[in-house]
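> Provided herewith is a single structure, encoded as structure tokens, for subsequent inquiry.
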Amino acid sequence: MRLLVTGGCGFIGSNFIRHQLADYNDVSVVNLDLLTYAGNLENLADIKDDSRYEFRRGDICDRELVDEILSGGPFDAVVNFAAESHVDRSILDSGPFIQTNIVGTQVLLDAARGAKIGRFVQVSTDEVYGSLGETGLFTEETPLAPSSPYSASKTAADLLVRAYHHSFGFPAVTTRCSNNYGPYQFPEKLIPLFISNAAQDKALPVYGTGTNVRDWIHVDDHCRGIDAALRHGVDGEVYNFGGSNERTNLEITHAILKLLHKPESLIHYVTDRPGHDLRYAIDSSKAERELQWTPQVDFESGLKATVDWYQQHADWVAHIKSGEYQSYYEQQYGERLQ
Ligand code: NAD
Ligand code: TYD
């Protein structure tokens, strides 16, 4: 199977490519990634010389480039991870989110349709459903009601995918997953941010009261889900993936502090995120029933392994935190932590 993977130098895409090459002898991958602030060649340093792997630096919005790559196939599938992925950055500036997440998806859909690609996987998020109250779960039938510029742009992309299937019979599936954690996650998201800050005795900025709930899933389980959708999904269908593992942000914070033997005095309650979704929780029963998928990593051991990974990769973290990250951090947290 020959795959065009976009955004493969980011967190989930790099884990996905590594798993594909390890799990299947007959898979080859072209990875198209723009190397934005979130893209990092170090994430795939261990497989860069594998003859089944090729890296192309470029923008998914560049139709000429995408056409050129697809004409060098034949490709069996396109798996689209490329995105601006952080809610807080979308609140600071939504422009790149509209461009990459919406226009980029449209360009990929048109190019893949032109090249008669047999399978397109749109990697989406549970955030397209908006926020839950204290009870209930997101199913694939939950109405789309995004809250942030990030989730609005992902919703627009999902609707384009839906429309291409409806209008042209385009062979796409969409996956919607809950919050991922694991190795190689950029330390702007809650878990790697708090692990790396706590390891350096820096403040942990908890938004609001810390009672917002997320359904955490290990990235390996998400990658297994995308693989199942890629190989066994039905055209036009949406599949939810979740960890059945709801935690408040404060529970996550306490667990990280405990694993690192750090004091609770590192917790700083800061001004809440505007429009902060209260709770996400996923009903994955469709994927379990139709794709024979179940999450396999239990949260306690997954979080411990993740904390260990970040401690063993202090250089990786230091490298990221030395660049553009500094000005982002100042803009996002400077006033909040004063
Ligand atoms: P990430 O921010 O770590 O990586 C995104 C990657 O896309 C980077 O390598 C970046 O360089 C690349 N990219 C950005 N713009 C590009 C462009 N215009 N052209 C080509 N490449 C570009 O993101 P992630 O956390 O790995 O998320 C991957 C996908 O999974 C996203 O589509 C996201 O919406 C979705 N998702 C993420 C989560 C999560 O918890 N992180 C949960 C559900 C769904
Ligand atoms: P995040 O990792 O940004 O994922 P998402 O917003 O896509 O769910 O945030 C997870 C939760 O952690 C969310 O409720 C916001 C909260 N949070 C903080 O309290 N402080 C922080 O510094 C960050 C980045 C997130």
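> Could you give the nm distance between label points at Glu134 and Lys321, where each point is 7 Å from its Cα heading toward the beta carbon?
3.8 nm
> Pairs to check: Lys154/Lys321; Lys154/Lys286; Lys48/Lys258; Lys48/Lys189; Lys202/Lys304; Lys154/Lys189. Give those whose C-alpha atoms are more than 29 Å from each other in this structure.
The pairs that break the limit, which is 29 Å between Cα atoms, are Lys48/Lys258.
> Please give the net charge around Gly58, taking every other residue with its beta carbon less than 15 angstrom from that of Gly58, where Lys and Arg add +1 and Asp and Glu add -1.
Neighbourhood net charge equals -4.
> I would also like to ask the following. Using the 2.2 N^0.38 Å rule of thumb for compact globular proteins, work out how the chain stacks up: its C-alpha Rg over that value, please.
0.95
> Using +1 on the beta carbon of Lys and Arg, -1 on that of Asp and Glu, and nothing else charged, what's the dipole of the chain about the Cα centre, debye to 20?
Here the chain has a charge dipole of around 40 debye.
> How tilted is helix 149-168 with respect to the longest principal axis of the chain? Cα atoms for both, answer in degrees (0 to 90, nearest 10).
20 degrees
> For the chain, find the longest principal axis of its Cα atoms and tell me its angle to the long axis of helix 219-232, 0 to 90°, nearest 10.
20 degrees
> Which value, in debye to the nearest 20, describes the size of the charge dipole of the stretch 116-236 about its Cα centre when Lys and Arg Cβ atoms bear +1, Asp and Glu Cβ atoms bear -1, and nothing else is charged?
360 debye
> Now a separate question. Could you check how much of the accessible area of the chain is carbon and sulfur, as a whole percent, using a 1.4 Å probe?
It is 50 percent, rounded to a whole number.
> Mind running the shape call on the stretch 1-112? Use the C-alpha gyration tensor, a ≥ b ≥ c as the square roots of the eigenvalues: rounded below 1.5 for a/c, prolate if a/b tops b/c, oblate otherwise.
oblate
> Still on this structure: Take His261, project a point 7 Å from its Cα along the Cβ direction, then tell me which residues of the stretch 297-319 have their backbone nitrogen under 20 Å from it.
Counting only backbone N, you get 301, 303-314.
> Under a 5 Å amide H to amide H cut-off, with H placed in plane at 1.01 Å, what residues pair with Asn240 once short-range neighbours are removed?
Long-range HN contacts for Asn240: Arg176, Ala287.
> With springs connecting C-alpha atoms under 10 Å apart, model the chain as a Gaussian network and identify which of Thr100, Thr306, Thr211 has the largest mean-square fluctuation.
Thr211
> Per residue of the stretch 80-97, in order, report the coupling 6.51 cos²θ - 1.76 cosθ + 1.60 (Karplus, θ = phi - 60°) as ³J(HN,Hα) in whole Hz, putting x for Gly and Pro.
9, 9, 4, 5, 7, 10, 10, 3, 4, 5, 5, 6, 6, 7, 7, x, x, 6
> Same structure, new question: Between Rg and the Kirkwood Rh of the stretch 115-238, both from Cα atoms, what is the Rg to Rh ratio?
Ratio value, two decimals: 1.03.
> With the Cα gyration tensor of the stretch 50-202 giving a ≥ b ≥ c as the square roots of its eigenvalues, does the rule (a/c under 1.5 for rounded; else a/b larger than b/c for prolate; else oblate) give rounded, prolate or oblate?
Since a/c reaches 1.5 but b/c is at least a/b, the shape of the stretch 50-202 is classed as oblate.
> Now for a different question. Using Cα springs under 10 Å in a Gaussian network model of the chain, which residue among Phe16, Phe186, Phe299 shows the largest mean-square fluctuation?
Comparing Phe16, Phe186, Phe299 in a Gaussian network model of the chain, the most mobile one is Phe299.
> Stick to the Cα atoms of the stretch 189-338, pair each with every other, and give me the Kirkwood hydrodynamic radius in Å at one decimal.
Radius from the Kirkwood sum: 17.1 Å.
> Okay, moving on. Given the alpha-carbon gyration tensor of the stretch 126-193, what are the semi-axes of its equivalent ellipsoid in whole angstrom, ordered largest first, with each equal to the square root of 5 times an eigenvalue?
25, 17, 11
> Take the alpha carbon atoms of the stretch 42-61, find their center, do the same for the stretch 230-254, and report the distance between the two centers in whole angstrom.
That distance is 26 Å.
> Pick from Asp283, Asp23, Asp158: which residue has the top mean-square fluctuation in a GNM of the chain where Cα pairs under 10 Å get a spring?
The residue that fluctuates most here is Asp23.
> With labels modelled as points extended 7 Å from the Cα through the Cβ direction, what inter-label distance (nm, one decimal) is found for Arg57 paired with Glu300?
Calculated label separation equals 4.5 nm.
> Which residue, chosen from Phe138, Ala115, Val219, occupies the Cα position most advanced towards the positive end of the dipole of the stretch 90-241, where the dipole is computed from +1 (Lys, Arg) and -1 (Asp, Glu) charges on Cβ about the Cα centre?
Of the options given, the answer is Ala115.
> For n ≥ 4 DSSP H runs only, could you compute -39500 (n - 2.57) per run for the chain, divide by its residues and tell me the 222 nm figure to the nearest 500?
The helix contribution divided over the chain gives -11500 deg cm²/dmol.
> Still on this structure, I have one more. Nearest 10 degrees is fine. How inclined is helix 249-259 to the longest principal axis of the chain, computing both from alpha carbons?
Value to nearest ten degrees: 70.
> Find the accessible area per residue for the stretch 204-297; the probe is 1.4 Å, ligands and nucleic acids are left out, and the unit is Å².
Spelled out: the 1.4 Å probe surface of the stretch 204-297, per residue, equals 41 Å².
> HN-Hα J couplings of the stretch 314-330 from phi, Karplus 6.51/-1.76/1.60, θ = phi - 60°, integer Hz, Gly and Pro as x?
Karplus-based 3J(HN,Hα) across the stretch 314-330 equals 4, 5, 4, 5, 4, 4, 5, 6, 8, x, 3, 3, 4, 6, 4, 4, 5 Hz.
The values are calculated or read from the model by the stated rules, or taken from the named source; none is laboratory data. It should be emphasised that the depicted structure is a prediction, and the values quoted were computed from it without experimental measurement. Every residue, glycine as well, gets a Cβ built from its backbone with ideal geometry; the counts of neighbours run over all protein chains shown. All accessible areas refer to the heavy atoms of the entire protein, side chains included, with ligands and DNA or RNA removed. Shrake-Rupley method; radii C 1.70, N 1.55, O 1.52, S 1.80 Å.
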